[in-house]
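Comments concern the structure below.
Taken together, the values in this text are just the output of simple stated rules run on the coordinates, not laboratory data. Treat the numbers as computed from the prediction; the structure is a model and nothing was measured. As a convention, Cβ positions derive from the backbone with ideal geometry for all residues, glycine included, and neighbour counts pool all protein chains shown.
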Amino acid sequence: MTHVASLQPNHVPGLAVPQPPWPPAQPPSNMLLKEWKYEMRREAQEILPGLYLGPFQASTNMAKLRSMGVTHIICLRDSVEARLIFPRFPTEFQYLTLDVADSGTQNIISIFPQCRAFLDEAMNIRGGVLVHDNSGIATAPAIVIGYLMYLFGWEFETALQFVQSKRYCVSTASLLICKFENQLREYAPIAAAQRGYQQLQQQQQQTGQSSNGLQPNGVPPRKRSWDGEGDTAGGQRIRLGDDDDEADVDME
């Protein structure tokens with residue numbers, strides 16, 4: 001018997017975000033999934049334009065990666081998985097490979113800055129990024145959730161529900177078992193402080209520009225905007241870039 005679950009876009013609260021210059025505009029609502037089938041867990045889903053989340057299997061098909069516009073790949077694995085999970089195309093894509101334990105001993109927050117810098121690097125060349133672990137249901141989602149919390153000022157629950165609305169098999173239970181949920185909740189004020197500092201820097205840059213007409217220290221870093229078209233406020237077009245219990249889902 002086929003079980004059908006409902007997941008409507010309006011069940012994702014808090015999509016409103018602070019105004020420019022930071023963070024980018026809210027993600028386009030037309031990216032929300034309309035349906036979910038079990039076999040989709042073996043594929044990568046697009047969380048934001050150019051930002052994909054999936055399992056290791058999604059990183060093994062070069063033609064598919066190319067068609068998705070992927071230029072960068074974050075490969076997350078437990079150290080015992082290193083012989084099986086590794087960069088398959090090191091000459092074709094930029095990789096960030098991290099050994100991350102799926103256990104309560106892993107400090108997931110400590111690797112956020114490195115992952116965020118890698119993601120920003122991809123965005124600055126209009127690239128695409130695939131974030132994957134073995135199954136795509138715990139460690140990789142934790143990184144993406146943390147990134148959304150930083151970008152949009154979201155609480156953990158909002159970022160989690162948004163990710164689940166794109167990749168339905170992301171397991172809340174797995175996040176809890178790995179102790180990532182508590183860490184992600186604790187990350188919210190850290191992300192807010194980091195965003196505040198970034199906003200202050202941008203304001204100082206703008207003040208410098210308005211006073212002398214020149215950009216301080218050269219050209220300031222570009223910031224992404226997810227408005228469904230990939231446009232920034234300045235007019236430049238830029239682009240970002242196993243749990244077996246779930247059944248086929250109709251999200252209409």
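Structure values in brief
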read-out: Cα-based radius of gyration of the range 44-206 once divided by 2.2 N^0.38 Å, which approximates compact folds; value: 1.00
read-out: Ranked packing of 102-115, 79-92, most packed first, by mean Cβ within 10 Å; value: 102-115, 79-92
read-out: Spatial extent of the range 120-172: Rg and Dmax, with the Cα atoms as the point set, Å; value: 11.5, 33
read-out: Cβ-based charge dipole, the range 44-206, positive-most Cα from Pro90, Gly54, Asn107; value: Pro90
read-out: Karplus (6.51, -1.76, 1.60) ³J(HN,Hα), θ = phi - 60°, over the range 93-100, in Hz, Gly and Pro reported as x; value: 9, 7, 10, 10, 10, 10, 7, 10
read-out: Nitroxide proxy distance, nm - points 7 Å out along Cα→Cβ at Thr97 and Ile190; value: 2.6 nm
